[in-house]
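I have placed the structure first, in the form of structure tokens, so that the comments after it can refer back to it.
The values are calculated or read from the model by the stated rules, or taken from the named source; none is laboratory data. The structure displayed is predicted, hence computed values, not measured ones. Counting neighbours? That spans all protein chains shown, and the Cβs are built from the backbone with ideal geometry, glycine included.
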Amino acid sequence: MVDLSDARWRASSYSNPDGGNCVEVAEGFPGTVPVRDSKDTARTPLVFSTAAWRTFVDEAKRSECCRAADTGGGLPRRHPRP
């Protein structure tokens, strides 16, 4: 089990800037990527291996690109961090 008591969470740059639908990731945990829902921070975060997280992110990007090609759209616009 990874001790996340001192985790510093950051919101995904693809998250809604108005506070909804936000995924947060904590960095600084070698070999793992802790992920949580910003709307429910009391819930136990999910912890992925670095390799599993990289695969997930790569597949999500690939799926978005395929969907964009089918619809003529693009990737979701990244929201600038404040």
Take Gly28 and tell me if it is exposed (fewer than 10 other Cβ atoms within 10 Å of the Cβ) and at pLDDT 90 or above. yes
Got a sec? Which of Asp18, Asp3 is at pLDDT 90 or above, charged (D, E, K, R) and part of a loop (DSSP other than H, G, I, E, B)? Asp3
Among the residues of the stretch 49-69, write down those that are farther than 15 Å from Gly31 by Cα, among the basic types (Lys, Arg) and modelled with pLDDT of 80 or more. Lys61, Arg62
